[in-house]
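Enquirer: Got a structure here, written out as structure tokens. Questions coming.
The values are calculated or read from the model by the stated rules, or taken from the named source; none is laboratory data. What you see is a predicted model; the values in this text were computed from it and never measured. Don't worry about glycine lacking a Cβ; one is built from the backbone with ideal geometry, like all the others, and counts go over all protein chains shown. All accessible areas refer to the heavy atoms of the entire protein, side chains included, with ligands and DNA or RNA removed. Shrake-Rupley method; radii C 1.70, N 1.55, O 1.52, S 1.80 Å.
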Amino acid sequence: MPLAQHNVSETIMTHTPVTNCQPINNVCFIKTRKTGSTTLSSIINRWGVNNNLSFAVMKTNKLSGHFNSLVFTDDSPKLHFLPPLNVKPGDWDAYKYNIMAVHVRYNRTAFDKFMLPGNKYISIIREPASQYESAFNYYKIASVVQTFNKSVRYEDTMEEFMRLPEFYWSKTVAKYGQLISFYTRNTQIYDLGLDHNTHHNISTVLSHINKLKKELDLVLLVDYFDESIVLLKKLLCWTWDDVVYLARNARPDGTRKELSMELRQKVIQWNSADHLLYQEFNRTLWAKVAEYGPQFKDDLEELRFRRNKTETECVGKNKTIVLDGRKQVVYNNVINPPNYCYLLTKFNNDIIHQIMEKQSSGFYLNNTSGIYTYLYIKRILCTAVIWAIAYVLPPPHGFWIIHKIILRP
């Protein structure tokens, strides 16, 4: 049906029920890097917030909750996790979670110990040359090249890197540390659990890819994101309202480097394990589309129609900001938008903060205003106790407590 003839109600966030299946609450999303994963994470986080679910997040990483390359052990939940909702801190056997949607390296054996039963494992990947261009920009690898070859123009730094990749990769380790070097070569299969010291072994790489095919319920491709979201909606039995999205962490137009054919081939060779990974899951994606049947085309059109309508209802004029030296597009709400727009346009890290505050409060709260009221009252009470202690202690001890705890910068 042509888009102009599409017949939907003026207000699309109606949560129309999906028949013949039950919505899935338990989702483990292995969030890869520079793959559009923040957009997908925001969809999953929104579902969890709207349904009062518990998230596995890194309690000491207050900025984003990411675990990054943490090696999981049996003690990881005790050391690194916030308790789930309605669970007392220290009740370790009850540390079971509905959702994980932060940066983490895939470890199925470890994850199964703290994720709730009935969990769906998903991830997302990207065509390796495109992913590498984004990573090269994000991790500021151009500065590594220009440190050792000051005559190279910024726009030519990737070509120079690929002229001597092993040399500049070793210098990346020296400048930024081992971890950043892992994020700039075969990053995607590394995040999906395969160590870098095995990436040169084709048989090991292929064996790991086959393992992932058996263990992951869906691997989305950011290059075909809408098609992937249609498959995700079906897998999780969610509604269109649940999976409609706005792109996150998007770079402004004109900031992406166009790769020549020669440079693209060099990048693919440098990321050969990721290339094999992408080839296989590109095939599996289109096999799932074929299995979906003739309804797929209509459902894809439905998603795109709802996306366009959501942007019209929610998004005002976009603006470009600079975060940590990187340009990024952010969304401004229209004046008096529908209520659903606020969570939809919210920064993903702000949603993570909301999740962490809710779980760290130790209480089950049905609304975010309740969270902030609780934290505000707690802060007042703590301050009152400190002043009381300071009052009964003789000088200068009381003043020292006030200075160190309350008046510190």
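Enquirer: Among 97, 121, 132, which is under 18 Å from residue 238 (Cβ atoms), in contact (Cβ under 8 Å) with a residue 40 or more places away in the chain and hydroxyl-bearing (Ser, Thr, Tyr)?
Expert: After ruling out the rest, the residue left standing is 121.
Enquirer: Could you say whether any residue in the range 116-127 is in a helix (DSSP H, G or I) and surrounded by fewer than 22 Cβ atoms within 10 Å (Cβ to Cβ)?
Expert: Checked against the condition, which is being in a helix (DSSP H, G or I) and surrounded by fewer than 22 Cβ atoms within 10 Å (Cβ to Cβ), the range 116-127 yields no hits at all.
Enquirer: Right, next: Among the residues of the range 54-84, write down those that are part of a loop (DSSP other than H, G, I, E, B), crowded, with 19+ Cβ neighbours inside 10 Å and of a type in the set (A, V, I, L, M).
Expert: Listed by number, the residues that qualify are 56, 57, 82.
Enquirer: The conditions are (1) in contact with an Asp or Glu (Cβ under 8 Å, 6 or more places away or on another chain); (2) part of a helix (DSSP H, G or I), and residue 302 fails exactly one of them. Which is it?
Expert: So residue 302 meets the others, but not (1).
Yes/no matrix, rows are residues, columns are (1) among the polar types (S, T, N, Q); (2) on the phi < 0 side of the Ramachandran plot; (3) open to solvent by less than 40 Å² (accessible area, probe 1.4 Å):
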| residue | (1), (2), (3) |
| --- | --- |
| 232 | no, yes, yes |
| 243 | no, yes, yes |
| 266 | no, yes, no |
| 280 | no, yes, yes |
| 295 | yes, yes, no |
| 308 | yes, yes, no |
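Enquirer: Just to be sure I understand, how many residues within the range 232-247 are among the aliphatic types (A, V, I, L, M), under 16 Å from residue 25 (Cα atoms) and in contact with a Lys or Arg (Cβ under 7 Å, 6 or more places away or on another chain)? Spell out how you get there, then give the answer.
Expert: Taking the range 232-247 first, the residues among the aliphatic types (A, V, I, L, M) are 232, 235-236, 243-244, 246-247.
Restricting the remaining residues to those that are under 16 Å from residue 25 (Cα atoms) gives 232, 235-236, 243.
Restricting the remaining residues to those that are in contact with a Lys or Arg (Cβ under 7 Å, 6 or more places away or on another chain) gives 235-236, 243.
Of the residues in the range 232-247, 3 are among the aliphatic types (A, V, I, L, M), under 16 Å from residue 25 (Cα atoms) and in contact with a Lys or Arg (Cβ under 7 Å, 6 or more places away or on another chain).
Enquirer: I need a count of the residues in the range 43-54 that are within 15 Å of residue 228 (Cβ to Cβ) and either of a type outside the set (A, V, I, L, M) or in contact with a helix residue (DSSP H, G or I) (Cβ under 7 Å, 6 or more places away or on another chain) (or both).
Expert: 1
Enquirer: Which ones in the range 90-115 are part of a helix (DSSP H, G or I) and open to solvent by less than 30 Å² (accessible area, probe 1.4 Å)?
Expert: 110, 111, 114
Enquirer: Another one. Please enumerate the residues belonging to the range 199-247 that are polar (S, T, N, Q) and either modelled with pLDDT under 95 or in contact with an Asp or Glu (Cβ under 9 Å, 6 or more places away or on another chain) (or both).
Expert: Taking the range 199-247 first, the residues polar (S, T, N, Q) are 201, 203-204, 207, 210, 228, 239.
Correct list: 210 only.
Enquirer: Would you check which residues across the range 114-141 are basic (Lys, Arg) and within 10 Å of residue 35 (Cα to Cα) and list them? Even if it seems obvious, please write down each step before you answer.
Expert: In the first step, residues of the range 114-141 are kept if they are basic (Lys, Arg); the result is 120, 126, 140.
Within the range 114-141, just 126 meets the criteria.
Enquirer: Name the residues in the range 188-199 that are farther than 18 Å from residue 37 by Cα and in contact (Cβ under 8 Å) with a residue 40 or more places away in the chain, would you?
Expert: Of all residues in the range 188-199, those farther than 18 Å from residue 37 by Cα come to 194-199.
Across the range 188-199, the qualifying residues are 194, 199.
Enquirer: Another question, if that's okay. Do the conditions hold for residue 179, that is, is it touching a His at 6+ places or on another chain (Cβ under 6 Å) and within 18 Å of residue 30 (Cα to Cα)?
Expert: No: the conditions fail for residue 179.
Enquirer: Would you confirm, using the coordinates I've provided, whether residue 33 is basic (Lys, Arg), open to solvent by less than 30 Å² (accessible area, probe 1.4 Å) and either assigned to a strand (DSSP E or B) or within 24 Å of residue 140 (Cα to Cα) (or both)?
Expert: Criteria met by residue 33.
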